[in-house]
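Peer 1: Sharing a structure with you now.
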Amino acid sequence: MDRTQLAEFLRTRREALQPEDVGLSRGPRRRTPGLRREEVAQLAGMSTDYLNRLEQQRGPQPSTQMLRALARALRLDPDERDHLYRIAGQAPPDRIGVSDHIAPGILRIIDRLGDTPAQVISELGEVLLQTEPAKALLGDLSGLEGMARSTTYRWFTDPASRAIYPEADHELRGRIFTAELRNAYARLGSDSMVGAIVAELLRISPEFVAVWASHDVSDKHPMSKRFHHDGVGDLTLECQTLLDTEAGQRLLVFTARPGTEDAEKLALLCVLGTQRMTA
């Protein structure tokens, strides 16, 4: 770990960002060049004191989880991310296969969607980042670990994961999630994480065995998706998808047609989510 290089790199990248670059309000009387330390800490989900110590060359060696959070908060590109890992004394993540590093361009887009349900998912269906309205609609999926991060794994192992969809759509959702998993399996192989997920689901879920045996490879989601939410009831939203072909990640954005009951429910859901978060 090179404390001097790490401190200088974090500071220069922080000062190079403006509040507008990360979806924050500039506010009056801002004198700090770039972002404040507390703003970066908030984006990274860490304490301001921890970031202070890193920038003052007296912090502990960051874990890979902390480095991942810092790379995302500072909107680092892959080369900058790898440099951050090296000067922190960690091996950079392998760029081959599934990556959880979100491209700065995708981050800039999602920064501007603070009042809209949106989330970034990996090729394995792992939720990498959610807006607060997305957490209100789909649940907060940021704390999941291991295979439970995979949407398909949760679908066939955790009945509660199906509660956000009307029961009439469960068969369709299961087929689509399985097709997505199969496509990832064909690309990454049996020795990958997706291979482990497939093997485990074949072992424990007769339902998955039946769906997997159909060899369906069409993973096209309908643009209109129906959801169920305990607070606002059923609502139908349109899902727009932006694909990052290099990382194999997708940005999903959920909207409602203006002037409809669904739009009113979505607005209410966002308010309810904010109130829960404040409480």
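The values are calculated or read from the model by the stated rules, or taken from the named source; none is laboratory data. No experiment lies behind these values; they were computed from the predicted model shown. Using ideal geometry, Cβ is built from the backbone for each residue, glycine included, and neighbour counts are taken over all protein chains shown.
Peer 1: Restricting region 1-35 to residues that are of a type in the set (D, E, K, R) and free of Cβ contacts under 8 Å to residues at least 12 places away in the same chain, which is nearest to R112 (Cα to Cα)?
Peer 2: E20
Peer 1: Taking helices (runs of 4 or more DSSP H) that do not extend beyond region 1-70, which have at least 1 residues that are among the polar types (S, T, N, Q) and at positive phi?
Peer 2: Answer list for region 1-70: none.
Peer 1: A follow-up question, please. Just give me the residues in region 227-249 being in contact (Cβ under 8 Å) with a residue 12 or more places away in the chain and among the β-branched types (V, I, T), in sequence order.
Peer 2: Those that are in contact (Cβ under 8 Å) with a residue 12 or more places away in the chain and among the β-branched types (V, I, T): V232, T236, T241.
Yes or no, residue by residue, for (1) farther than 19 Å from K225 by Cα; (2) out of contact with any Phe, Trp or Tyr (no Cβ under 8 Å at 6 or more places or on another chain); (3) outside the structural domain of H228 (by TED's automatic domain parsing); (4) in a helix (DSSP H, G or I):
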| site | (1), (2), (3), (4) |
| --- | --- |
| G143 | yes, yes, no, no |
| I164 | no, no, no, no |
| R175 | no, yes, no, yes |
| R182 | yes, no, no, yes |
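Peer 1: Given the options A73, A69, A44, name the one that is closer than 21 Å to S142 by Cβ, in contact with a Leu (Cβ under 7 Å, 6 or more places away or on another chain) and free of Cβ contacts under 8 Å to residues at least 40 places away in the same chain.
Peer 2: That would be A44, the only listed residue that is closer than 21 Å to S142 by Cβ, in contact with a Leu (Cβ under 7 Å, 6 or more places away or on another chain) and free of Cβ contacts under 8 Å to residues at least 40 places away in the same chain.
Peer 1: Let me ask you something else. Kindly indicate which of T64, T157, T131, T152 is farther than 23 Å from E180 by Cβ, hydroxyl-bearing (S, T, Y), touching a helix residue (DSSP H, G or I) at 6+ places or on another chain (Cβ under 9 Å) and at pLDDT 85 or above.
Peer 2: Answer to the check: T64.
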